[in-house]
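Colleague: Structure below; questions to follow.
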Amino acid sequence: MRWSWHVNPALWPLARELAKAKETRQAANSLTKTEQDMIAEIRHKTLASNADNLDRTSAYLTFFRKHPEVHWAFLAHLVSRNAGWSMTDLRGELLPRLLPVKVQHDYFSFLERGNWLIFHDAYPQLLLYEESVKRQTNLFHLLARLDVSLFMQAVWNHFWKTGDSKLLSISLIVNEQHYLETHMMSDEAYRNTVVETLPFALQEVLRLNLILLPYRGKEDGALRLAGEPVFHFASLTERIELGKRLYSLLFGDTPIKEGAMRWAGDKPHTGSRKDFWPHLFHDLRETTPGEPYRKRLGNCQLLPGGKRLYSPALRQVWKQVRHELPKAVDWYPAKKGVVMRQLVLARNQPAFSRAEEAYCQALEKIELAVLAKGRLLGT
C-alpha cells in the first residue's frame, strides 16, 4: 500500500516509528512481574475513574494539571464537560417537552457510551505516559497489552523523543475518532435509534449543537464562550476536523487557553449549564412541575419575571451505567493509507472565538419549538 506521508516530510519520523512499532509488536515478549502489576493498576485506575461523566471529566483535568505538555487532556476535559451538559439537557427545562422519554434514554445511552469508550481507550495511555515520566523510561511497548492501537504506540514513542505536543494532540484526536467509529458509530443499533433519526438531523440543520469552551477574560474576569458548531457527526472525517478546529481554537489562542484554564480550575464540573451561565440556568427547578411553558428568553437574557431554565446536575437525573467491554480491535491496519493525511492541521482554520450569540440563537430556536408544540397541543 502506498503511503501518503511522502508529501509531508515533517511526518517522516513518525512513519519510521510506525514501522518500528509494528516490528516491536510482532516480537513482543512476556511481561515481567513489575509490568504485569503496572498493567493491572492502570486498568484498575481507568475503571475507577470511568464511572460516569463527572469522574471522567475530573480525571482529564487532574492529569493535565500534572502534565500540561499533553494538551489533548485539557481539550478532552472541556469536550467531556459538553457531553455532560448534553446529557442533562435531556432532563432539563426544554428538551423533555420535545422528546419522548424513550428518545431521551436513547440519546443519553449514545452520549454515555461514546464518552465512556474514549476514556476507556485514552486514559490508559495517559497513565502509561505518567509511569514513563515517573520511572524516566519509555514504557510504550506496553500499550499493546492495553489494547491501544499500533498507531498510538508509534505516536507516543515519537512524542517521548520530540515533545511535539501538537502532533500528539492531533494524533489522539484522530485515534479516538477512529476508535469511536469502530466500536460505536458503525453499530447499526445506534444509527437506527440516534444518528439517523429526525431529531438528530434537525439539531444539525438548525445548528442547535455547539461545543462550548468557556473562558474568563484576563483583564475583567468576564465569562466568555468560544466554540464550534457540530455538523455531520456521523461522518468520521467531520468529527476529526471538528476536533482539530477545537484544538486550534483552544491552544492557538493564548487568551482562550489561559482563560479556559482559569475557569475550569475554579468551577468543578457538575453537568449543569449553571456552571457557566448561572444568569440563565439553575440546577433547581424554579417553576411548578407541569406548568405550561411561557417565553422567557430574549437576547441572552431572561425576560422580566422570567424564571431561570432548569439545568440539573448530572447525578440528580442519570444513574451510573455498567458498560460492556469492547472487543480488542485495532482500527489502524485497515486505515493506514489515509491516517497521515488526517494528521495535517490546516492553516487559517476559522476561529469561532465568540460563541455567545450562536448559543443564544440555538437556545431561542429550541424555546420556539417548545412554544409551537404547546400551541399545537393547547398546553
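The values are calculated or read from the model by the stated rules, or taken from the named source; none is laboratory data. Only a predicted model underlies this, so the values are computations on that prediction, with no experimental measurement involved. Ideal geometry is used to build each Cβ from the backbone, glycine not excepted, and the neighbour counts take in all protein chains shown.
Colleague: Across segment 131-153, what is the number of residues that are of a type in the set (Gly, Ala, Ser) and assigned to a loop (DSSP other than H, G, I, E, B)? Outline the logic, then answer.
Modeller: First, pick out the residues of segment 131-153 that are of a type in the set (Gly, Ala, Ser): 132, 144, 149.
Then keep just the ones that are assigned to a loop (DSSP other than H, G, I, E, B); that gives 149.
Count: 1.
Colleague: So Gly271 fits all but one of (1) within 15 Å of the chain's Cα centre (by Cα); (2) on the phi > 0 side of the Ramachandran plot; (3) free of Cβ contacts under 8 Å to residues at least 40 places away in the same chain; what number is the exception?
Modeller: (3)
Colleague: Six or more apart or on different chains, Cβ under 6 Å: which pairs go from a residue in segment 327-339 that's more than 18 Å from Ile173 (Cβ to Cβ) to one that's modelled with pLDDT of 90 or more and part of a helix (DSSP H, G or I)? Could you list them?
Modeller: The qualifying pairs are Val329/Thr182.
Colleague: Just one of Tyr293, Tyr359 is touching a residue at least 60 places away in the same chain (Cβ under 8 Å), farther than 26 Å from Leu54 by Cα and among the hydroxyl-bearing types (Ser, Thr, Tyr); which is it?
Modeller: Working: Tyr359 fails: farther than 26 Å from Leu54 by Cα.
Criteria check complete, one pass: Tyr293.
Quick grid of which residues meet (1) free of Cβ contacts under 8 Å to residues at least 12 places away in the same chain; (2) among the aromatic types (Phe, Trp, Tyr):
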position	(1), (2)
Trp72	no, yes
Ala76	no, no
Leu90	no, no
Pro100	yes, no
Asn115	no, no
Leu128	no, no
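Colleague: With the requirement that a residue be surrounded by 21 or more Cβ atoms within 10 Å (Cβ to Cβ), basic (Lys, Arg) and touching a helix residue (DSSP H, G or I) at 6+ places or on another chain (Cβ under 6 Å), what does segment 240-298 give you?
Modeller: Arg273
Colleague: For segment 42-62, what are the residues that are surrounded by fewer than 22 Cβ atoms within 10 Å (Cβ to Cβ) and either without any contact (Cβ under 8 Å) to a residue 60 or more places away in the chain or of a type in the set (Phe, Trp, Tyr) (or both)?
Modeller: His44, Leu47, Ala48, Asp55, Thr62
Colleague: Are there any pairs, at least 6 apart or on different chains, whose C-beta atoms fall under 7 Å, with the first in segment 1-21 and more than 17 Å from Ala334 (Cβ to Cβ) and modelled with pLDDT of 85 or more and the second buried (at least 19 other Cβ atoms within 10 Å of the Cβ) and of a type in the set (Gly, Ala, Ser), and if so, which?
Modeller: So the pair list comes out as Leu14/Ala154; Glu17/Ala154.
Colleague: Also, quick follow-up: Which one of Thr237, Thr254 is under 19 Å from the mean Cα position of the chain (by Cα) and more than 20 Å from Phe63 (Cβ to Cβ)? Spell out how you get there, then give the answer.
Modeller: Details: Thr254 fails: under 19 Å from the mean Cα position of the chain (by Cα).
On inspection, the qualifying residue turns out to be Thr237.
Colleague: Just one of (1) under 30 Å from Tyr179 (Cβ atoms); (2) more than 20 Å from the chain's Cα centre (by Cα); (3) surrounded by fewer than 18 Cβ atoms within 10 Å (Cβ to Cβ) trips up Asp330, so point out which.
Modeller: Of the numbered conditions (1) under 30 Å from Tyr179 (Cβ atoms); (2) more than 20 Å from the chain's Cα centre (by Cα); (3) surrounded by fewer than 18 Cβ atoms within 10 Å (Cβ to Cβ), the odd one out for Asp330 is (3).
Colleague: Looking at segment 161-200, which of its residues are in a helix (DSSP H, G or I), surrounded by fewer than 17 Cβ atoms within 10 Å (Cβ to Cβ) and either modelled with pLDDT of 95 or more or within 18 Å of the chain's Cα centre (by Cα) (or both)?
Modeller: Residues of segment 161-200 in a helix (DSSP H, G or I): 161-162, 165-185, 188-195, 198-200.
Of the ones still in play, those that are also surrounded by fewer than 17 Cβ atoms within 10 Å (Cβ to Cβ) are 161-162, 165-166, 188-189, 191-192, 195, 198-199.
Lys161, Thr162, Ser165, Lys166, Val195 - these are the residues of segment 161-200 that are in a helix (DSSP H, G or I), surrounded by fewer than 17 Cβ atoms within 10 Å (Cβ to Cβ) and either modelled with pLDDT of 95 or more or within 18 Å of the chain's Cα centre (by Cα) (or both).
Colleague: Tell me which residues, restricted to segment 157-180, are in contact with an Asp or Glu (Cβ under 8 Å, 6 or more places away or on another chain) and closer than 14 Å to Ile240 by Cα.
Modeller: Here is the first cut: in segment 157-180, the ones in contact with an Asp or Glu (Cβ under 8 Å, 6 or more places away or on another chain) are 157-158, 163, 165, 175-176, 179.
Within segment 157-180, Asn175, Glu176, Tyr179 qualify.
Colleague: A further question follows. Can you tell me which of (1) out of contact with any Leu (no Cβ under 8 Å at 6 or more places or on another chain); (2) surrounded by 15 or more Cβ atoms within 10 Å (Cβ to Cβ) is the one Pro68 doesn't meet?
Modeller: (2)
Colleague: Also, I was wondering about something else. When you check Ala313 against the structure, is it closer than 25 Å to Arg354 by Cβ and of a type in the set (A, V, I, L, M), yes or no? It would help to see each step written out before you state the result.
Modeller: Values: closer than 25 Å to Arg354 by Cβ: no; of a type in the set (A, V, I, L, M): yes.
Answer is no for this residue.
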